[in-house]
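Chemist: Can you keep this structure in mind? I'll have questions shortly.
Each reported figure results from applying straightforward, stated rules to the coordinates on display, with no laboratory input. None of these values were measured; they are calculated from a predicted model. Positions of Cβ are generated from backbone atoms using ideal geometry, with glycine treated the same way; all protein chains shown enter the neighbour counts.
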Amino acid sequence: MKKSVKLLMASTLAATFTTGAVAADKVLTMSHWAGPKHAMATKVHPWMNNALKECSGGSLSLKLENGLASPPAQYDTIRDGVADIGWIVHGYTKGKFLTTKMIELPGLPGNAESMSVAFQMTHEKFFAAAKEAKGVEVLTNFVHGPGVVNTAKKVTSYKQLEGLKVRVGGGVANAVGKALGVAGVNMPAPAVYEAISSGVAEGVFFPLETLYSFKINELTKFSFKNPDGMYTTSFGFIMNSDSYNDLEDAHRACIDKIRGVDLARTIGRFWDEADTIGKNESAKTGSVVIEASAEERAYFKEKTANIQAEVLKEVESRGVDANAALAFMKSQL
């Protein structure tokens, strides 16, 4: 009887490994750099971890690692395999990503969810062919919510920003800051708190979620918002190519199941929720959001009018029909 049971177990295991019906446990490292209160750590990681576990029957999961590298080094960190998966700011890798600037243009209204979906759809239709990201799988692209100007002193006009030391962050935000006459200061997002507290910067271009996640509401009490869309920042959610290709078929299918437009929509929704949290939590400590008047919106549009042509020229340099891409992107918004 014992011999028969052993033979049965052996044959069952052999059949399992032969057919590949059960994938071996696999834990993917997700690189995170924005702190424990950020939505990418509190919302996106748990959601994605659960989705992969459910898809794989528990054999595929994510492990969050914070501080593996500085924000500008995240692309290299994932491409080189220090981490399997992570998110990058396209504007932190100067000169490498140009097509991604299109979604950052001033004058594109929308929240993080709607803009992220439009961005990813445009990427799939136009930008992917440019192959700007090498050594990685682009799982999706997304943006944060509407960018606003956060300052310690009350600002009710863009003219008040002239000469002000403001952290602008990279990408098209730099061009917006220059057009408005700010004294632009560049640094990764996690360094902003110290920069403002030490006087290196007097304000920051940031979405409302950062007021809470980066504790900016401790230093700035006024947020100047343009309903027409002032700017946004583009991000990529990427995976090391070898990590992806080395996955067993069942696990790779789980990654493919959640990638693309659906992932952009989900991340964007979480960032919109984070904007609401940032606004509400900051209001408790006296922070206020000031909406630009019709006159100020017209002034902003005039001052930033030349930015679109410059960005379209850069996108064209990557072999993309920039005008067609922009028209498509706007149609999705």
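Chemist: Where does helix 322-332 land angle-wise versus the long Cα axis of the chain, in degrees 0 to 90, nearest 10?
Modeler: 80 degrees
Chemist: If you don't mind, another one. Calculated from the structure, P(r) over Cα pairs in 10 Å bins from 0, in percent equals which of (i) 5, 24, 33, 26, 10, 1, 0; (ii) 6, 25, 32, 21, 9, 4, 3, 1, 0; (iii) 5, 22, 26, 19, 14, 9, 4, 1?
Modeler: Only one listed value fits the structure, namely (ii).
Chemist: Pop the C-beta distance of THR156 and SER241 into the FRET formula with R0 = 45 Å and round what comes out to the nearest 0.05.
Modeler: Once rounded, the FRET efficiency stands at 0.40.
Chemist: Using alpha carbons only, how many degrees (0 to 90, rounded to 10) separate the axis of helix 249-258 from the longest principal axis of the chain?
Modeler: For helix 249-258, the angle is close to 30 degrees.
Chemist: Express in nm, to one decimal, how much length is gained between GLU291 and THR42 on full extension, taking 0.36 nm for each residue of separation and deducting their alpha carbon distance.
Modeler: 86.7 nm
Chemist: How long is the gain from ASP321 to GLU124 if the chain were fully straight, where each residue apart is worth 0.36 nm and the alpha carbon distance is subtracted?
Modeler: Extra length from ASP321 to GLU124 when fully extended: 69.6 nm.
Chemist: With the cut-off at 1.5 for a/c, could you classify the stretch 142-272 from its C-alpha gyration tensor as rounded, prolate or oblate?
Modeler: prolate
Chemist: Can I ask one more? Run the dipole for the chain about the Cα centre, Lys and Arg Cβ at +1, Asp and Glu Cβ at -1, nothing else charged, and hand back the magnitude in debye, nearest 20.
Modeler: Using Cβ point charges on Lys, Arg, Asp and Glu, the chain gives about 360 debye.
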